[in-house]
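The values are calculated or read from the model by the stated rules, or taken from the named source; none is laboratory data. Just so it is clear, the model here is predicted, and its values are computed rather than measured. FYI the Cβ positions are ideal-geometry reconstructions off the backbone, even for glycines, and counts take in every protein chain you see.
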Amino acid sequence: MTTTPAAKKPVLSLGDRVFSRTAVFAGSMILITLAAVAIFLITQSIPAFFADADDASLLKTNFWAYVGPLIFGTVWAALLALVVAFPISIGIALFISHYAPRRLAQVLGYVVDLLAAVPSVVFGLWGITVLAPAVRPVWAWLNEYVGWFPLFGGTVSGTGRTILTAALVLATMVLPIMTAICREIFLQAPVLHEEAALALGATRWEMIRMAVLPFARSGIVSATMLGLGRALGETMAIAMVLSATGRVTFEVLTGENPSTIAANIALSFGEAFQTNINVLIATGLILFIVTFLVNAIARWIVSRHAEFNAANG
């Protein structure tokens, strides 16, 4: 009985070995950096978890009472921004990929990419000097005629620096990222599927609804969660535009608004000392966890959709 000799592993050249080990090292550095950040945040946050008003001047009672309104403001502002940016980004991406002439689509694509490179401080300056004064009459009109709805109730801010204004600035900031990702996903939709839908008599919108959007669902989720992560961590624009008082409220037109974790750290860290620094680092740990959970949920949704496509493909 003859035995087949075991296949020998190919001998890698020196260049292949160097490239392989470099790639492994680069990938490992991501995990090492993430672990180092997590360890730093946890070790520096421990004193804050057990601190009270006697230990840190930032605290009125304890840490959780301090960070609670900040978590609410962070999530609330990001969700408002996402509600505004999501349909607009989908519309712009569809126009660029399926409606606009090629030359116009190229120009719009460049504009969207350039908009993503604008520093956040510029958006903050635009929000506080241009947007806030411009929206004051709109907020007053909403409060007068739609004030019965809880979101638009309360006393309208005289400066326009409300959480809704800050959300509009955030929406403008996350719009280029979401639009660019959705545009690339829409352009990768199978051409044969689009042509088949059109050949069966579908209109362009029906073709997009039946062939493009189902294909791009996971990409849309990824773009949305990436935009949400950017909105959750935004600092300077919120710090400049939002008139924060620490109040927990769903009213979006008043001058009493909850702050966000990132903006609160930026505004308070310069004057913080001793345990106050630990308190601010602990709020950064909470933001780190929230952002991590958002990305984990997005990855789970995308993987579930990929498994569904594989099972039905």
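Out of curiosity, is Glu256 acidic (Asp, Glu), out of contact with any helix residue (DSSP H, G or I) (no Cβ under 9 Å at 6 or more places or on another chain) and modelled with pLDDT of 80 or more?
Numbers: acidic (Asp, Glu): yes; out of contact with any helix residue (DSSP H, G or I) (no Cβ under 9 Å at 6 or more places or on another chain): yes; modelled with pLDDT of 80 or more: yes.
Here the answer is yes, as Glu256 does meet what is asked.
Looking at (1) in a helix (DSSP H, G or I); (2) out of contact with any strand residue (DSSP E or B) (no Cβ under 8 Å at 6 or more places or on another chain), which is the only condition Asp54 fails?
Result: Asp54 fails condition (1) only.
Would you kindly identify the helices (runs of 4 or more DSSP H) lying entirely within the stretch 122-201 that contain at least 3 residues that are touching a residue at least 12 places away in the same chain (Cβ under 8 Å) and surrounded by fewer than 18 Cβ atoms within 10 Å (Cβ to Cβ)? Give the derivation first.
Details: elements: 132-146, 163-187, 191-199.
Hits in the stretch 122-201: 132-146.
Name, by its number, the condition in (1) part of a helix (DSSP H, G or I); (2) within 21 Å of the chain's Cα centre (by Cα) that does not hold for Ser259.
(1)
Look at the stretch 60-110 and say how many of its residues are surrounded by 20 or more Cβ atoms within 10 Å (Cβ to Cβ) and in contact with a strand residue (DSSP E or B) (Cβ under 6 Å, 6 or more places away or on another chain).
Total satisfying the criteria: 0.
Which pairs do you get when a residue that is farther than 15 Å from His193 by Cβ, found in the stretch 212-229, comes within reach of a residue that is basic (Lys, Arg) and surrounded by fewer than 20 Cβ atoms within 10 Å (Cβ to Cβ), reach meaning Cβ atoms under 9 angstrom, with the pair 6+ apart or on two chains?
Partner pairs satisfying both residue conditions: Ser218/Arg304; Ser222/Arg299; Met225/Arg299.
List the number of the failed condition for Phe269; all other conditions in (1) assigned to a helix (DSSP H, G or I); (2) surrounded by 17 or more Cβ atoms within 10 Å (Cβ to Cβ); (3) not small (Gly, Ala, Ser) hold.
Checking Phe269 against (1) assigned to a helix (DSSP H, G or I); (2) surrounded by 17 or more Cβ atoms within 10 Å (Cβ to Cβ); (3) not small (Gly, Ala, Ser), the one that fails is (2).
Filtering the stretch 202-228 down to residues that are part of a helix (DSSP H, G or I) and among the hydroxyl-bearing types (Ser, Thr, Tyr), which residue is modelled with the highest pLDDT?
Step one: of the stretch 202-228, the residues part of a helix (DSSP H, G or I) are 204-215, 217-228.
From what is left, the residues that are among the hydroxyl-bearing types (Ser, Thr, Tyr) are 218, 222, 224.
On the way: Ser218: 81, Ser222: 83, Thr224: 88.
If we take residues in the stretch 202-228 being part of a helix (DSSP H, G or I) and among the hydroxyl-bearing types (Ser, Thr, Tyr), then Thr224 is modelled with the highest pLDDT.
Could you tell me whether the stretch 89-101 includes any residue that is part of a helix (DSSP H, G or I), modelled with pLDDT of 90 or more, within 17 Å of Val169 (Cα to Cα) and not acidic (Asp, Glu)? Before the answer, list the steps.
First, pick out the residues of the stretch 89-101 that are part of a helix (DSSP H, G or I): 89-99.
In the following step, the residues that additionally are modelled with pLDDT of 90 or more were identified as 89-96.
From what's left, within 17 Å of Val169 (Cα to Cα): 89.
Going one step further and asking which of them are not acidic (Asp, Glu), we end up with 89.
Yes, the stretch 89-101 contains at least one residue that is part of a helix (DSSP H, G or I), modelled with pLDDT of 90 or more, within 17 Å of Val169 (Cα to Cα) and not acidic (Asp, Glu).
When residues of the stretch 208-243 are filtered for being buried (at least 23 other Cβ atoms within 10 Å of the Cβ) and of a type in the set (Gly, Ala, Ser), how many remain?
Matching residues across the stretch 208-243 total 5.
Do we have any residue at all in the stretch 71-86 that's assigned to a loop (DSSP other than H, G, I, E, B), touching a Pro at 6+ places or on another chain (Cβ under 6 Å) and in contact (Cβ under 8 Å) with a residue 60 or more places away in the chain? Lay out the reasoning, then the answer.
As a first pass, look at the stretch 71-86 and keep what is assigned to a loop (DSSP other than H, G, I, E, B): none.
The answer is no; no qualifying residue exists.
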